[in-house]
Amino acid sequence: MVYDFSEGSKEMVDILGGKGAGLAEMVRIGLSVPPGFTVSTGACLEYLKTGELDSRLWDEIIEHLKILEASSGKKFGGEKNPLLVSVRSGAAVSMPGMMDTILNVGLNDHTVKALANLTSNERFAYDSYRRLIQMFGEVVLSIPHEEFEECLADVKRHAGVMGDNQLEAKSLKSLIREYQEVYRKHNREFPQDPIDQLKVAVEAVFRSWNVERAISYRQLNDIPDDLGTAVSVVAMVFGNKGDDSATGVAFTRDPNTGDRRIFAEYLTNAQGEDVVAGIRTPKEIRDLEKQMPDAYNDLIKSAEILEKHYKDMQDIEFTIENGKFYLLQTRNGKRSARAAVKVAVDLVSEGLIGKNDAIMMTTPQVLDTLLHPQVKYNGSERVLGKGLAASPGAAYGTIVFSSEKAVEMAADKKKVILVRPETTADDVRGMAVSQAFLTQKGGMTSHAAVVARAMGKPAVVGVESMTVNLREQTLRIGEEVFREGDTITVDGTNGQFLFGEVTLETASVTPEAQVLLKWCDGIRKLGIRANANTPLEARVARENGAEGIGLARTERMFLGSERITIMRSMIMSTSLADRLKYLDMLLPMQVADFTEFLRTMDGYPVIIRLLDPPLHEFLPDKEEIMTEIFDLKLKLSNTMDSKDMDDIIAKLSDLRKLLQTVKNLEEFNPMLGFRGCRLGLSYPEIYEMQVKAIMTAAIKVREQGHTILPEIMIPLVGHSNELKRLRLRLETIARKLVGDMDIKYKFGTMIEIPRACITADTIAEYADFFSFGTNDLTQMTFGYSRDDAEGKFLASYVEEGILPADPFATVDEEGVGELMKMAVTKGRSRKKDLEIGICGEQGGDPLTIQFCHKIGLDYVSASPYRIPIARLSAARAVLQEKKS
Ligand code: PEP
Ligand code: MG
């Protein structure tokens, strides 16, 4: 259950936790690490089950403590040369700052004197002791942090100093007495026996696996609850021994940009938690080179060795004790999305990893973040302040000062910006629902900065020009005071924050991302198309790498003010002749739409879907018309002028006709009603006009020298006869128009009704292609209304685990997916080369893309802005398949 550092390796993360495995690995490759041992995660789970530290486990810990005493040449509790240890948490999955760690265990009223004598540094010894008492009180006995901080502030005020590190030994001794008073207020004593300290410290770290913030963090990050934390007991080395001692955090590359340079911050004469907590603003690493050149060189060398060894950017914690350099931790460093992609691509060109590794290192979420909005500056912004650009991207929202408030307002669908003096692990829930963070204190490695990068949210930290007063709930900048509810914009890319809400623009794909996506294109089997309804969307799709249009919804083309009027007249026509008259007016407009579209997608297939929604969607609401009739009647009764009266009467007559049409079209369940091919079969002239427009445009664009591949798609087919009849009729038109020109076109259908999946073989007889409409297919398979379910019960279904995910976001493999598989098999049994894709919203979802790859689709179609994510996900699907 307990492993000496020399017994472990990086492969043992499950047993030793990330920290323990990292320490062991560093020892194994000969780096400078203080001696120590790790108590396994299994021991933690056992403890959490029984609530007691097993006596055999304790014996084993004592055995390892003896080895540690021998290797360090010090004695635990010894009054000459006392051994002090840190007791550190560390799970298999990184949960930064979520669990507890206690430093300086082993100090008591006697050993502190020995330490002072030994180091001839009384200040250092008593500073270490007061830190132990404070941390022990907070972690083991749950005494509130503020009670100790109040004492510290009092003593500093009394001594007339600003910084903790300016307190003399005398003040520290009185601080210790104050701290012991705090214990007494809680009916506790600080344990003087070091062995007792160690035992309860180990137990407290085990228990910290189940503190509320750790549980929340696991929920937010999908980390299982049954991993447990390991506990590493490490011989203390001191960064607070004087001005030749320091402690710091280093990234082997810049975690924001990914640039290849050491990125570190440190504090002289301090202990680790001072840097991470962001309480003192740390120094830049360049100063270390001047101040302690040997230790600086050790840091640079270690960073290089670790990167080569782990083949990834590392996040290192180090301490320098009287000029000697020690590593206390290494792990893969958290980084911004931009940095993640750059580091992955750079590691390939440096020969450390292969292209496939780089693709697997880049999650779709990372790319998603990269596509986050940025401020579109036009010079009119009012900059309120500037701090460190801790995490890129920009967002606006209303100011909140607490996590609770953030959660409460976000539940009301408000966009919030969390503003704090500094953040702690307790703020994670609030951070998860905020758009961005702004803090007064802290550096690039402070809690707020690290969490923001991991969550992919903008953050600005260390804004010294502002004051956050939690009691008053105010943010002061000079004379100006901001309160909860005021709106600001945080620009984490340049470190500024701005007054009010400013215009944001969608981020572009970085050059490294372009390189990575090109690699993906070389690997993926799935084609990538876009759902685009306008030529502009088609252009964005092309720029993002789409290889065609998977769905152009033509109904969106009838919504302009001129067109909707003609469309309404067409719908209200009572004779075929009238309908044809209006359709003739729409024809040239549709030709213009399709011409532009096909030209933009030169050389790529374009699927144009014939009219799909129920016709009432083009008409005004019944209540709206009735209100208008009521108002006009009122007006009529007050009008004397006969000309006005005639006008009103004419208008009323039109409105009554409109109302009658709306009433005629009214259905109890319009999504299961008169729409899609059902409409096309009842009013074939509508589809005929559309096919005429598509083919006329195709001929025109072809004559201009472009390559065009139009695919005409018929929606909502449930029976093969629907498709058979429509195809026969529509293809006659196409054939006639094309004549003997060399123009290829296809006729196909959406597969979006369960019956279509079940009878896909007979449907395939009349289709050149299938496209899964998983929006409708999900609606009809589950029997959930796609327009209502999400707001009514679906969210709680997912939250309560009744459904593993929202099936309108990720295809439900077990049900809808089975139907899709059946349709693929049956469809291809009739037509071997049947082209099959997906155009439902799930087509841009990474998990769905992986599924589509698995069942052998030809392509996925996603919104233009999700095309890069689809390219990456499709490549990852191939690599994941290989791996499994
Ligand atoms: C679908 O049903 O999945 C689809 C793409 O069509 P629409 O969303 O337009 O009904
Ligand atoms: Mg549909």
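Summary table
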read-out	value
Residues that are touching a helix residue (DSSP H, G or I) at 6+ places or on another chain (Cβ under 8 Å) and either more than 16 Å from ligand 2 (Cβ to nearest atom) or of a type in the set (Asp, Glu) (or both), drawn from the stretch 743-766	Ile743, Tyr745, Phe747, Glu752, Ile758, Thr759, Ala760, Asp761, Thr762, Ala764, Glu765, Tyr766
Failed criterion for Gly137 (all others in (1) surrounded by fewer than 23 Cβ atoms within 10 Å (Cβ to Cβ); (2) of a type in the set (Gly, Ala, Ser); (3) modelled with pLDDT under 95 hold)	(3)
Filter result (away from ligand 2 (no atom under 16 Å from the Cβ), in contact with a Lys or Arg (Cβ under 9 Å, 6 or more places away or on another chain) and either polar (S, T, N, Q) or within 21 Å of Leu551 (Cα to Cα) (or both)) within the stretch 713-742	Ala734
Condition check for Lys66: part of a loop (DSSP other than H, G, I, E, B) and farther than 19 Å from His145 by Cα	no
From the options Leu68, Leu23, Leu48, residue that is buried (at least 18 other Cβ atoms within 10 Å of the Cβ), farther than 11 Å from Ala230 by Cβ and not charged (D, E, K, R)	Leu68
Leading residue by the ranking (surrounded by the fewest Cβ atoms within 10 Å (Cβ to Cβ)) among those in the stretch 450-492 that are within 24 Å of the chain's Cα centre (by Cα) and assigned to a strand (DSSP E or B)	Thr487
Some residue of the stretch 594-603 being free of Cβ contacts under 8 Å to residues at least 60 places away in the same chain, in contact with a helix residue (DSSP H, G or I) (Cβ under 9 Å, 6 or more places away or on another chain) and away from ligand 2 (no atom under 16 Å from the Cβ)	no
Any helices (runs of 4 or more DSSP H) falling wholly within the stretch 316-404 and containing at least 2 residues that are touching a Gly at 6+ places or on another chain (Cβ under 8 Å) and modelled with pLDDT under 95	337-349, 364-370
Selection from the stretch 759-809 of residues that are among the hydroxyl-bearing types (Ser, Thr, Tyr), within 15 Å of ligand 1 (Cβ to nearest atom) and surrounded by fewer than 17 Cβ atoms within 10 Å (Cβ to Cβ)	Ser785
Some residue of the stretch 770-786 being within 12 Å of ligand 2 (Cβ to nearest atom) and basic (Lys, Arg)	yes
Selected residue (criterion: farthest from the chain's Cα centre (by Cα)) from residues of the stretch 836-866 that are within 20 Å of Met360 (Cβ to Cβ) and more than 16 Å from ligand 1 (Cβ to nearest atom)	Lys854
Selected residue [among the hydrophobic types (A, V, I, L, M, F, W, C) and more than 20 Å from the chain's Cα centre (by Cα)] from Val345, Val407, Val416, Val366	Val345
Extreme residue, farthest from Asp612 (Cα to Cα), among residues of the stretch 547-585 that are among the small types (Gly, Ala, Ser) and within 16 Å of ligand 1 (Cβ to nearest atom)	Gly548
Of the criteria (1) in contact with a strand residue (DSSP E or B) (Cβ under 7 Å, 6 or more places away or on another chain); (2) modelled with pLDDT under 95, which one Pro194 fails	(2)
Residues being among the β-branched types (Val, Ile, Thr) and crowded, with 24+ Cβ neighbours inside 10 Å - total across the stretch 607-625	2
Near pairs, Cβ below 6 angstrom, 6+ apart or cross-chain, from the stretch 844-857 (at pLDDT below 95) to any residue that is part of a helix (DSSP H, G or I)	Gly844/Arg866; Gly844/Ala870
The lone exception for Thr749 - which of (1) touching a residue at least 12 places away in the same chain (Cβ under 8 Å); (2) away from ligand 1 (no atom under 14 Å from the Cβ); (3) among the polar types (S, T, N, Q) it fails	(2)
Inter-residue pairs, beta-carbon under 7 Å, first in contact (Cβ under 8 Å) with a residue 60 or more places away in the chain and closer than 14 Å to Val662 by Cα and in the stretch 609-638, second within 16 Å of ligand 2 (Cβ to nearest atom) and of a type in the set (Gly, Ala, Ser), 6+ apart	Pro614/Gly673
From the options Asp294, Asp298, residue that is surrounded by fewer than 16 Cβ atoms within 10 Å (Cβ to Cβ) and more than 22 Å from the chain's Cα centre (by Cα)	Asp294
Of all residues making up the stretch 211-250, the number that are in a strand (DSSP E or B) and either surrounded by fewer than 24 Cβ atoms within 10 Å (Cβ to Cβ) or without any contact (Cβ under 8 Å) to a residue 60 or more places away in the chain (or both)	1
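The values are calculated or read from the model by the stated rules, or taken from the named source; none is laboratory data. Only a predicted model underlies this, so the values are computations on that prediction, with no experimental measurement involved. Because the Cβ atoms are built from the backbone with ideal geometry, glycine has one as well, and the counts that use them run over all protein chains shown.
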